[in-house]
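S.K.: Sending over a structure as structure tokens; questions will come in a sec.
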Amino acid sequence: MRLVGRVAEAAFVGPYAHLAVEIPGWKGAQSGQFAMIQAAESRCFLARPFSVSDDETHIETTPGTHHAARVSFLVDEVGRGSGELAALRVDDRVHVLGPLGRGFAAAGAVAPAARRTAACPAAGVGRGGAGRLVIVAGGAGIAPLPLLLREIESRLIRSGVLVLAGFRSSREAQALCILDDGLERLRRCRIPSEVGITTEDGSFGFAGMVTDLLDRDLQPDDTVLVCGPSAMCEAVWKVCRRHGVRRAWFSLETLMACGVGSCHGCVTRVADGTLTRVCRRGPVMAGEEAFGAEEETT
Amino acid sequence: MSSRLHTHLGPMFLEYPVINASGTLDLLETADALGLDGDYRVPVAAYVPKTVTMLPREGNPTPRVAEVAAGMVNSIGLPNEGVKAFVADTLPRLLNLTCPLIVNVAGFSRDEYVSVVERVSRALADELGSDKGTWAPRVGIELNVSCPNVDSGCMSIGTDAEEIARLTQAVRDVWPTPLLLAVKLTPNVTDIASMALAAEEAGASAVSLVNTFKGLIVDRDTLKPYLGGITGGLSGPAIKPLALRCVFEVAAVVDIPIIGMGGIACTQDVVEFMACGASVVAVGAAGFVDPWLPARLAEELEEVLCERSLTLSELIGKIH
Ligand SMILES: Cc1cc2nc3c(=O)[nH]c(=O)nc-3n(C[C@H](O)[C@H](O)[C@H](O)COP(=O)(O)OP(=O)(O)OC[C@H]3O[C@@H](n4cnc5c(N)ncnc54)[C@H](O)[C@@H]3O)c2cc1C
Ligand SMILES: Cc1cc2nc3c(=O)[nH]c(=O)nc-3n(C[C@H](O)[C@H](O)[C@H](O)COP(=O)(O)O)c2cc1C
Ligand code: FES
């Protein structure tokens, strides 16, 4: 059912709008899931897909708490729909359909829950292996990371976390502040974490692309989780293949009219040759599932 | 819902006069996406799944959708699992829904339409028994002769009154009265009333109008066609006045019920379509924003009927 949310906080982090929305009836999301959102007073015909950036209903110590769920989104203003959302102010209403799609946990990238970690050998991370969790984000692709960090914290992933984020310039890199709380909580739980930043113009962190940093440091037993533009995802998958990394998951972006499997607008061609609806089989998909294994490596 | 809204579409009883337009609501996927379990309340009075064709279809290249002022243009291209998988996997699940089912069928020749309907009939005989009379309240067929996003068949049939008549007759032979046979018409013709008449005379028990208007999106950067299928179909509030005109013209000449659609997004739209002569309305692309819109519009329609002191049958065709 479509829900109605109230904007509780609206602020800019660099060029991106950060919205915290109270959504009565919201069921709680996994990182990598998204919602179709639209300003209640909108001149757009369709809602737009946005990753759930953070979600306080998710906190597993309070199961079944549905009231006053506070869900946040990070909006890069690229056109009319995102522009309307970025212009929202406190107390404005938003229509929300979600949470939707397969997040990182459902796609098998992180173990489903902390207490089950040991009994969940199928999951990529949190099974006591040596590999690190490497999170790669590009631009507004940083959006789902706060919720992802909560999941990492609750799963007590001891093997260490490396966050690599790439931005156009120092202005976009201001969005890193949305990770502050999550990284601080990891520190308190003594989960080792490191952050590497790149900007294309060199105005902050390393000058270059996030894939350059990744290429320097990637280990074959790392697990890689990726959120960002399609071109970056494909470039990251190439680096993964080159380093023999098999466990990589990508949050894919396509145009979506409905977000729930009705319109067939969101399809992408996946490794098995078929066109698949990203809103249903994704948005998070394993690298081999999405891009295939036989890629040329240089 | 209240008995004020109860109605019939040919042999089918509908709890209220609002259904979905084919290709704009995948009920099974949507329920799964929203995490609803088996006993959710279906948001339509009858369910129309996406068009089924003889062979599986992948559909058109991407991009497939673009938003425009007051609507969208799509070039989806009828992707579907094909009738074999449809009758084996999907049909039994759809027959478990609590509402009647209207199977939307397309083909690239008359024979193909007939074959698909025959395959569906055979599967129904297995599921519901061979007495077709007992199917009538539960299952109907809608012939899509109006998709603008495929190369042959379909819309080329729907733009030719004689072809519509021949096809309707051929399908009637394998899908006999009293079973519901609706013909879904394209508005991309000079005289839609003559198309509707051709369908009625050939034995259709309803006409659905309209499918999308053929349109084009220009890529703002390259100035080339934007959609993978080059052209697409325009739907949404942008087409409402055009669709209303179609319903108005068709209602003046046919006696069979009209399923009206094209840009319906609010209750006033429903009221206007019914006033122009639609007995039942279908929610299309506006349902993408809220899959539960059809049921919500029906509830609000009831309030409007109360306020205006009208019965449903007084509202239908009030303009004429
Ligand atoms: C699962 C998922 C999660 C996402 N999460 C986030 C997030 O957390 N934060 C975020 O900022 N974004 C996110 N996005 C992307 C976001 O949904 C889009 O940026 C948004 O929908 C853009 O809408 P708009 O109305 O602002 O832009 P639009 O004007 O609709 O433009 C959208 C796209 O359509 C293209 N387009 C449309 N018409 C034309 C034309 N005529 N010619 C050329 N190109 C055209 C544009 O180039 C552009 O790529 C996500 C997307 C998905 C699928
Ligand atoms: C994305 C999309 C897919 C559609 N697919 C089909 C289809 O498979 N079969 C069909 O008969 N009509 C299809 N249609 C047409 C609709 O059923 C409807 O006739 C049309 O969109 C007009 O209604 P609307 O303006 O309310 O959307 C599709 C429309 C859209 C927007
Ligand atoms: S967005 Fe409509 S099917 Fe995926």
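The values are calculated or read from the model by the stated rules, or taken from the named source; none is laboratory data. Just so it is clear, the model here is predicted, and its values are computed rather than measured. Positions of Cβ are generated from backbone atoms using ideal geometry, with glycine treated the same way; all protein chains shown enter the neighbour counts. Just so you know, the surface numbers come from the protein's heavy atoms only, side chains and all, with ligands and any DNA or RNA stripped out. Shrake-Rupley method; radii C 1.70, N 1.55, O 1.52, S 1.80 Å.
S.K.: Considering A:A87, A:A107, which residue is within 25 Å of A:R247 (Cα to Cα) and either open to solvent by 10 Å² or more (accessible area, probe 1.4 Å) or within 16 Å of ligand 3 (Cβ to nearest atom) (or both)?
M.R.: A:A107
Here's the yes/no breakdown for (1) within 11 Å of chain B (Cβ to nearest Cβ); (2) open to solvent by 50 Å² or more (accessible area, probe 1.4 Å):
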{"residue": "A:V236", "(1), (2)": "no, no"}
{"residue": "A:S251", "(1), (2)": "no, no"}
{"residue": "A:G259", "(1), (2)": "yes, no"}
{"residue": "A:S262", "(1), (2)": "yes, no"}
{"residue": "A:T268", "(1), (2)": "yes, no"}
{"residue": "A:D272", "(1), (2)": "no, yes"}
{"residue": "A:T276", "(1), (2)": "yes, no"}
{"residue": "A:A286", "(1), (2)": "no, no"}
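S.K.: Can you tell me which residue in region B:281-318 is most open to solvent (accessible area, probe 1.4 Å), limited to those that are more than 14 Å from chain A (Cβ to nearest Cβ), closer than 25 Å to B:G23 by Cβ and assigned to a helix (DSSP H, G or I)?
M.R.: B:E300
S.K.: Taking into account only those residues within region A:29-47 that are within 23 Å of A:F250 (Cβ to Cβ) and open to solvent by 20 Å² or more (accessible area, probe 1.4 Å), which is nearest to the chain's Cα centre (by Cα)?
M.R.: Checked region A:29-47; the qualifying residue nearest to the chain's Cα centre (by Cα) is A:Q33.
S.K.: Of all residues in region A:185-207, how many are open to solvent by 20 Å² or more (accessible area, probe 1.4 Å) and assigned to a loop (DSSP other than H, G, I, E, B)?
M.R.: Residues in region A:185-207 being open to solvent by 20 Å² or more (accessible area, probe 1.4 Å) and assigned to a loop (DSSP other than H, G, I, E, B): 9 in total.
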